[in-house]
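Remarks on the structure that follows.
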Amino acid sequence: MIFISLMLFLSAFSFAQDKRAITNLLEKQRLAWNRGDLDGYMQGYWKSDSLLFVGKSGPKYGWKTTLENYKKSYPDDSAMGILTFNILQIDVIDLKNAFVLGGWKLKRDADEPQGFFTLWLRRIKGEWKIVSDHSS
C-alpha cells in the first residue's frame, strides 16, 4: 500500500513538473515572438519534416515549411504585433505526450486578431516539443 501511494505521489509530482516545463516552453515562445524573433519562437517546435501545422490554409508538414510560412505571414514587427496566450488546459497524457488547449491574441496598430490552438507535445530527447499545432 505504501509503495502504491508513493508511486501515485511521484507520478503526480512528475506531471506537475511537466506542466511547468510546457508552460515555460510556451512563455519562451511568446517572449521570442514579442522580440520579433521567429527563429527563437520556432525552438518550441519539433525540428522535423514530420512536424504538422494546421492553419487556415490546411495541413502543412515540416519545421522549415512552418518557419517559412511564419516569415511570409509576419514579415516585420508591425505584422507580428504583441502576442498573448490564454492557456485553458494542459493535459499530460503520459511520460511522452501532452495536449494543450489555448487562445492566442495579437495586438497590432491596425487590428487585434485572435483565435484558438490545440497542441500535441512529445518529450523528445528529454525536452517537450510541439509536434502538431492546429491554430485558427
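The values are calculated or read from the model by the stated rules, or taken from the named source; none is laboratory data. Owing to the predicted nature of the structure, the values given are computational and were not obtained by experimental measurement. Every residue, glycine as well, gets a Cβ built from its backbone with ideal geometry; the counts of neighbours run over all protein chains shown.
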For residues that are charged (D, E, K, R) and assigned to a loop (DSSP other than H, G, I, E, B), scanning just segment 46-60, find the one that is surrounded by the fewest Cβ atoms within 10 Å (Cβ to Cβ). LYS56
Of everything in segment 103-119 that's within 19 Å of VAL54 (Cβ to Cβ) and either in contact (Cβ under 8 Å) with a residue 60 or more places away in the chain or among the aliphatic types (A, V, I, L, M) (or both), which residue is surrounded by the most Cβ atoms within 10 Å (Cβ to Cβ)? LEU119
What are the residues in segment 105-121 that are part of a strand (DSSP E or B) and more than 11 Å from the chain's Cα centre (by Cα), if any? LYS105, LEU106, LYS107, GLN114, GLY115, PHE116
Within segment 61-88, residues among the aromatic types (Phe, Trp, Tyr) and in a loop (DSSP other than H, G, I, E, B) come out as TYR74
Residues in segment 30-44: is at least one out of contact with any strand residue (DSSP E or B) (no Cβ under 6 Å at 6 or more places or on another chain), closer than 17 Å to ILE130 by Cα and surrounded by fewer than 12 Cβ atoms within 10 Å (Cβ to Cβ)? yes
Given the residues LYS129, LYS72, which is the only one that is basic (Lys, Arg), modelled with pLDDT of 95 or more and surrounded by fewer than 17 Cβ atoms within 10 Å (Cβ to Cβ)? LYS72
Given the condition more than 25 Å from GLN17 (Cβ to Cβ) and aliphatic (A, V, I, L, M), answer yes or no: does some residue in segment 90-105 qualify? no
